[in-house]
Amino acid sequence: MVGAFTAGLLGLAGLSVPAAATPAVQPTAPTLDDGLALTPPMGFNNWNSTHCRAEFNEAMVKGIADLFVEKGLKDAGYEYVNLDDCWALPQRDADGKLVPDPVRFPNGIKAVADYVHSKGLKFGIYTSAGTKTCSNVGFPGALGHEYSDAQQFADWGVDYLKYDNCNNQGVDAKLRYTTMRDALRATGRPIVHSICEWGQNEPWEWAADVGQLWRTTGDISDNWGSMLSILKKNLPLAPYAGPGHWNDPDMLEVGNGGMTDTEYRTHFSMWSIMAAPLLIGSDLRSASDETFDILGNREVIAVDQDPLGKQGTVVSSEGGRWVVAKEMKDGSRAVALFNETGSAQRISTTAGAVGLPEADAYTLRDLWQHKSYNTAGTISATVPAHGTVLFRVRADDRWAAHPPAVELGLQGSALIEAGKPTALTSTVTGLGRTPAKGVLVALSGPTGWAVRATSPTTAGALPTGRSLRTSWEVTAPEGTTTGSYDLTLRATYRSPTGVRAENVVPLRFSVVVAPPSGTSYLSDLPWLSTTNGWGPVERDTSNGESAAGDGNPLTVNGTVYAKGLGVHAPSAVEYYTGSACETVTAQVGVDDEEGADGSVAFEIHADGTTVASTETMTNAQAAQRISADVSGARVVSLVVTDGGDGITSDHGDWGDAQLSC
């Protein structure tokens with residue numbers, strides 16, 4: 001339910017940006033008048049989970065269609081079962097027709113489409129607006145074959161075409177995609193046209209009458225940094241979205257294993273409030289119950305599928321604490337409180353700030369906990385690290401039927417050294433138009449931890465704006481292994497009419513050890529957390545590609561560094577320094593492995609404040625020394641940004657990165 005961490009819980013370095021400005025002039029481009037995709041398309045695409053591996057085949061596709069029905073996803077709104085690259089043979093037949101791979105699809109594509117249709121679902125396929133598709137093999141693309149391929153797709157019963165951008169021979173994007181639009185129209189079959197042009201030519205400016213959706217970014221990968229980077233690029237494009245024409249920040253990674261469930265709920269919440277297409281990218285045949293719970297949350301899906309067709313806009317963004325609001329057809333507002341930082345944060349706004357009319361009180365619906373409360377106007381929550389709390393808020397004459405909202409927070413450091421008592425302070429604040437009565441607050445930790453209240457834990461009543469503050473002493477046992485541990489802050493209370501309510505906030509703490517004295521290589525020390533734009537952060541090698549351990553020797557302008565960190569913008573690597581360290585030094589630059597395209601800037605943060613930075617650097621430059629005084633800081637972060645021109649080839653190296661304590 002509603003809760004709020006006071007800002008005192010240490011906010012680890014986030015990759016925040018100011019609230020994005022929306023265009024001064026609203027888009028006026030004509031839109032397709034074919035009745036397709038009046039709400040964002042929902043369905044499945046295999047690429048994120050299988051790429052071109054052998055498990056992408058007829059049995060998989062049929063199995064997904066079966067699960068859509070069995071698991072209630074069809075009833076929740078998921079409709080399209082789509083194939084991606086690698087479904088065809090590398091060569092066309094003698095008549096210039098596409099040939100399905102007989103190993104993957106022994107009964108052909110039409111038989112698969114017929115099976116999907118028999119389940120009451122729709123079927124989609126993939127090709128590229130070039131001479132070949134994007135896979136390493138390079139299957140036949142549609143450039144120069146648009147009308148033949150479109151008719152073949154229609155004959156097979158295709159309902160959705162993802163049209164990629166590889167091997168396009170330099171042909172103007174608008175021409176290539178318009179040609180396929182006309183070819184699809186000529187078939188007489190209604191086929192959704194998904195423009196996968198990666199946002200290179202700003203399709204939101206011209207594609208509203210060419211396709212029903214257009215990619216706004218490069219490909220997503222299954223990690224927090226990639227998802228966050230794409231989210232930030234898509235948010236400013238809200239004015240261009242609407243019924244039949246949608247911004248597409250790429251498919252969902254929910255359930256693929258590279259993020260936590262908290263991060264996947266953020267992914268799903270933010271795609272929904274952005275009115276993005278919801279195309280499942282995980283293999284549902286092996287998905288967890290939690291994955292199905294996230295993908296099947298009908299209250300969140302209703303935000304995405306609202307028929308008004310508005311994309312959410314940024315209300316505020318400061319220090320990695322985001323408020324994004326979406327106008328709904330019934331006059332309510334969906335409100336996402338999104339925390340991009342590495343620790344729980346208090347995020348707050350008001351009914352007026354998100355566009356609701358003045359009222360005596362409001363009904364506040366938590367779309368993940370499925371509970372309703374009344375508020376006098378404040379919308380506030382404790383949002384876990386990398387988490388999102390999603391509300392639906394409305395001015396409502398029936399607000400008094402719901403218990404009052406309370407704001408629940410905790411002040412103090414989320415970093416604990418084993419055996420040392422840590423002081424924390426919880427706060428319970430009444431937000432409702434009616435008072436919270438009989439308030440009891442409790443803090444619990446893992447088995448064996450000592451958690452002791454040192455001041456009162458109860459209050460008779462909390463009217464609007466009044467608070468109960470409780471002091472706590474928390475101790476992790478000696479010998480506790482370093483890592484993350486969950487504590488739970490809980491407040492129970494009742495409304496004036498006796499309705500019981502509970503506010504539970506899960507909190508993640510880290511057990512840490514102080515760094516060794518003297519000078520140490522940072523690649524030899526444990527980090528608190530990492531975010532990375534592509535693949536994992538690598539120790540003593542370059543970033544490489546998306547897999548762990550696939551980097552090369554750290555090399556900047558021909559100089560090789562045996563020690564250091566390899567990253568991909570946007571990235572942040574955070575270390576606990578416990579107020580015991582003095583300096584951070586490194587030789588930084590763009591790694592040679594990606595050619596001449598990369599451009600990045602390096603920053604060192606001490607407790608969230610930038611204490612050293614470089615100008616934007618390119619592959620043509622030699623490494624530059626960066627040094628920072630971090631005296632007194634509890635957390636030091638190494639941050640790499642994209643230089644302001646996107647993240648293509650942005651492989652950054654922290655060569656010889658050292659910490660002196």
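Listing for the model above:
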{"quantity": "Failed condition for residue 341, given (1) under 17 Å from the mean Cα position of the chain (by Cα); (2) surrounded by fewer than 21 Cβ atoms within 10 Å (Cβ to Cβ)", "calculated": "(2)"}
{"quantity": "Counted residues, segment 25-38 - those being crowded, with 18+ Cβ neighbours inside 10 Å and under 26 Å from the mean Cα position of the chain (by Cα)", "calculated": "1"}
{"quantity": "Residue count, segment 609-651 (criterion: surrounded by fewer than 17 Cβ atoms within 10 Å (Cβ to Cβ), in a loop (DSSP other than H, G, I, E, B) and either modelled with pLDDT under 95 or not hydrophobic (A, V, I, L, M, F, W, C) (or both))", "calculated": "9"}
{"quantity": "Pairs, first under 17 Å from residue 661 (Cβ atoms) and in the same structural domain as residue 642 (by TED's automatic domain parsing) in segment 569-593, second of a type in the set (Lys, Arg) and surrounded by fewer than 24 Cβ atoms within 10 Å (Cβ to Cβ), C-beta under 9 Å, six or more apart", "calculated": "576/634; 577/634; 578/634; 579/634; 585/625; 586/625"}
{"quantity": "Condition met for residue 190 (of a type outside the set (Val, Ile, Thr) and farther than 15 Å from residue 160 by Cβ)", "calculated": "no"}
{"quantity": "Selection count, segment 169-216, where residues are of a type in the set (Ser, Thr, Tyr) and more than 13 Å from residue 129 (Cα to Cα)", "calculated": "2"}
{"quantity": "Checking residue 104 against (1) in a loop (DSSP other than H, G, I, E, B); (2) among the charged types (D, E, K, R); (3) crowded, with 23+ Cβ neighbours inside 10 Å, the condition it does not meet", "calculated": "(3)"}
{"quantity": "Qualifying residues in segment 516-537 (those that are among the polar types (S, T, N, Q) and assigned to a loop (DSSP other than H, G, I, E, B)) - the one nearest to the chain's Cα centre (by Cα)", "calculated": "532"}
{"quantity": "Condition met for residue 184 (assigned to a helix (DSSP H, G or I), within 33 Å of the chain's Cα centre (by Cα) and in the same structural domain as residue 68 (by TED's automatic domain parsing))", "calculated": "yes"}
{"quantity": "Positions within segment 202-216 being of a type in the set (Asp, Glu) and in a helix (DSSP H, G or I), in sequence order", "calculated": "205, 209"}
{"quantity": "Residue list for segment 245-266, filter: assigned to a helix (DSSP H, G or I) and either buried (at least 24 other Cβ atoms within 10 Å of the Cβ) or acidic (Asp, Glu) (or both)", "calculated": "261, 263, 264, 265, 266"}
{"quantity": "Residue match in segment 22-37 (condition: at pLDDT 95 or above and in contact with a Gly (Cβ under 6 Å, 6 or more places away or on another chain))", "calculated": "yes"}
{"quantity": "Subset of segment 486-515 that is assigned to a loop (DSSP other than H, G, I, E, B) and touching a strand residue (DSSP E or B) at 6+ places or on another chain (Cβ under 9 Å) - its residue that is nearest to residue 552 (Cα to Cα)", "calculated": "515"}
{"quantity": "Whichever residue in segment 453-477 is free of Cβ contacts under 8 Å to residues at least 24 places away in the same chain and touching a Phe, Trp or Tyr at 6+ places or on another chain (Cβ under 8 Å) and, among such residues, is nearest to residue 439 (Cα to Cα)", "calculated": "453"}
{"quantity": "Residue under evaluation residue 98, criteria (1) part of a loop (DSSP other than H, G, I, E, B); (2) crowded, with 17+ Cβ neighbours inside 10 Å; (3) in the same structural domain as residue 259 (by TED's automatic domain parsing); (4) within 30 Å of the chain's Cα centre (by Cα), criterion not met", "calculated": "(4)"}
{"quantity": "Residue within segment 556-576 that is surrounded by 23 or more Cβ atoms within 10 Å (Cβ to Cβ), at pLDDT 95 or above, within 23 Å of residue 628 (Cα to Cα) and among the polar types (S, T, N, Q) present", "calculated": "no"}
{"quantity": "Any hit, segment 483-495, residues being at pLDDT 95 or above, of a type in the set (Val, Ile, Thr) and closer than 21 Å to residue 416 by Cβ", "calculated": "yes"}
{"quantity": "Residue that is surrounded by the most Cβ atoms within 10 Å (Cβ to Cβ), among those in segment 217-234 that are small (Gly, Ala, Ser) and in a loop (DSSP other than H, G, I, E, B)", "calculated": "221"}
{"quantity": "Any hit, segment 443-459, residues being buried (at least 17 other Cβ atoms within 10 Å of the Cβ), more than 32 Å from the chain's Cα centre (by Cα), of a type in the set (A, V, I, L, M, F, W, C) and part of a strand (DSSP E or B)", "calculated": "yes"}
{"quantity": "Matching residues, segment 578-596, being surrounded by fewer than 24 Cβ atoms within 10 Å (Cβ to Cβ), touching a strand residue (DSSP E or B) at 6+ places or on another chain (Cβ under 9 Å) and not in a strand (DSSP E or B)", "calculated": "578, 582, 592, 593, 594, 596"}
{"quantity": "Residues of segment 190-202 classified as more than 16 Å from residue 168 (Cα to Cα) and crowded, with 16+ Cβ neighbours inside 10 Å, total", "calculated": "4"}
{"quantity": "Scope segment 514-524; condition at negative phi and surrounded by fewer than 19 Cβ atoms within 10 Å (Cβ to Cβ); matching residues", "calculated": "514, 516, 517, 519, 520, 521, 524"}
{"quantity": "Selected residue [outside the structural domain of residue 244 (by TED's automatic domain parsing) and in contact with a strand residue (DSSP E or B) (Cβ under 9 Å, 6 or more places away or on another chain)] from 344, 302", "calculated": "344"}
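Conditions (1) in contact (Cβ under 8 Å) with a residue 60 or more places away in the chain; (2) of a type in the set (Ser, Thr, Tyr); (3) touching a helix residue (DSSP H, G or I) at 6+ places or on another chain (Cβ under 6 Å), marked per residue:
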| site | (1), (2), (3) |
| --- | --- |
| 118 | no, yes, no |
| 129 | yes, no, yes |
| 135 | yes, yes, no |
| 156 | no, no, yes |
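The values are calculated or read from the model by the stated rules, or taken from the named source; none is laboratory data. Values in this document were obtained by computation on a predicted structure and should not be read as measured data. Here Cβ is always computed from backbone atoms with ideal geometry, including for glycine, and neighbour counts include all displayed protein chains.
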